[in-house]
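What follows is a set of notes on a single structure, which appears directly below.
The values are calculated or read from the model by the stated rules, or taken from the named source; none is laboratory data. Remember, it's a predicted structure, so these values are computed and weren't measured experimentally. Here the Cβ is made from the backbone with ideal geometry for all residues, glycine too, and neighbour counts use every protein chain on show.
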Amino acid sequence: MHCLIFGATGTAGSEVVRQAIADPQVDKITIVVRRPVGFHHAKVNTVIHHDFISYKDMLPLFRTVNTCIWCLGISQTQVSKEQYLAITYDFVIAAATAMHSVNPEISFVFLSGQGADSAEKSKVLFAKVKGKAENALKLLSFKHIYIFRPGVIVPISPSTGKAWKYRMGKLIQWMAPKNTITTEQLARVMLYLAKNHEPSVLLENREIRAIVEKLQYKH
């Protein structure tokens with residue numbers, strides 16, 4: 001399987017890369033980043049890309065991809081409303097539209113978030129824009145689309161996320177475990193669905209956790 005990953009340097013995306021490297025069913029990984037990552041592996045091809053609205057030069061690459069895992073994102077508190085809309089909606093829809101135009105057989109995995117509003121009526125920017133992105137992706141009619149709405153994502157170690165994010169995640173994990181998911185669990189389910197060509201689905205946090213339990217039971 002050739003796996004294309006956006007957001008490969010982030011908390012969730014970096015764990016997807018780690019697991020994909022270790023997975024014998026994944027024979028090629030392409031990560032799309034803005035700048036060199038200083039990381040090399042025989043399985044991993046790094047593509048430096050600056051314009052996340054235009055993908056004309058990447059169409060030949062998209063034709064070879066089996067799965068795209070989209071983990072690119074940012075907190076709405078870190079950027080302006082316009083920037084958040086561009087990063088959270090425009091970037092992913094531009095990329096997905098380009099992919100679908102040359103390879104509709106791709107399995108597309110989208111990291112959304114708990115609280116995303118499919119009705120697109122929420123007054124919370126995050127909820128409205130994530131819901132809008134989900135709806136637009138569904139309309140593209142990829143062969144498979146997997147939408148993930150995790151709760152609090154807990155890094156597996158301080159080194160895989162900002163120290164404060166790790167500490168906060170561990171606290172919430174202790175106080176309300178059912179509202180959390182670890183990066184290790186999230187990445188495992190993303191890859192599992194894509195590899196096994198499971199039916200398209202939108203997964204809330206509890207449903208992601210249920211698949212984690214099923215996979216643990218199988219092993």
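Search region 44-66 for residues being in contact (Cβ under 8 Å) with a residue 40 or more places away in the chain and part of a helix (DSSP H, G or I), and hand back the single one that is surrounded by the fewest Cβ atoms within 10 Å (Cβ to Cβ). Among those residues, the one meeting the criterion is 56.
Do the conditions hold for residue 75, that is, is it farther than 19 Å from residue 190 by Cα and under 17 Å from the mean Cα position of the chain (by Cα)? Taking the combined requirement at face value, the residue satisfies it.
Per the conditions (1) assigned to a loop (DSSP other than H, G, I, E, B); (2) closer than 21 Å to residue 193 by Cα; (3) small (Gly, Ala, Ser), the sole criterion not satisfied by residue 119 is (2). Every condition in (1) touching a strand residue (DSSP E or B) at 6+ places or on another chain (Cβ under 6 Å); (2) buried (at least 17 other Cβ atoms within 10 Å of the Cβ) is met by residue 28 except one, and the failing one is (2).
Looking for whichever is polar (S, T, N, Q) and at pLDDT 95 or above here; the options are 157, 112, 141. Which one fits?
That would be 112, the only listed residue that is polar (S, T, N, Q) and at pLDDT 95 or above.
In the set (1) within 18 Å of the chain's Cα centre (by Cα); (2) at pLDDT 95 or above, the condition left unmet by residue 11 is number (2).
Only residues that are among the aliphatic types (A, V, I, L, M) and under 16 Å from residue 68 (Cβ atoms): list them for region 23-42, please.
26, 29, 31, 32, 33
When 67, 46, 77 are screened for being closer than 20 Å to residue 133 by Cβ, at pLDDT 95 or above and polar (S, T, N, Q), only 67 passes. Within region 182-209, residues that are touching a residue at least 60 places away in the same chain (Cβ under 8 Å) and closer than 19 Å to residue 143 by Cβ sit with their Cβ atoms under 8 Å from residues that are among the basic types (Lys, Arg) and crowded, with 17+ Cβ neighbours inside 10 Å, at 6+ positions apart or across chains, in these pairs: 202/149.
Looking only at region 129-143, which residues are small (Gly, Ala, Ser) and assigned to a helix (DSSP H, G or I)? Those that are small (Gly, Ala, Ser) and assigned to a helix (DSSP H, G or I): 131, 133, 136. For region 122-143, the set of residues classified as over 17 Å from the mean Cα position of the chain (by Cα) and without any contact (Cβ under 8 Å) to a residue 24 or more places away in the chain consists of 122, 123, 124, 128, 139, listed by residue number. Does at least one position in region 109-126 carry a residue that is of a type in the set (Ser, Thr, Tyr), in contact with a helix residue (DSSP H, G or I) (Cβ under 6 Å, 6 or more places away or on another chain), surrounded by fewer than 21 Cβ atoms within 10 Å (Cβ to Cβ) and farther than 20 Å from residue 16 by Cβ? Yes - at least one qualifying residue is present in region 109-126.
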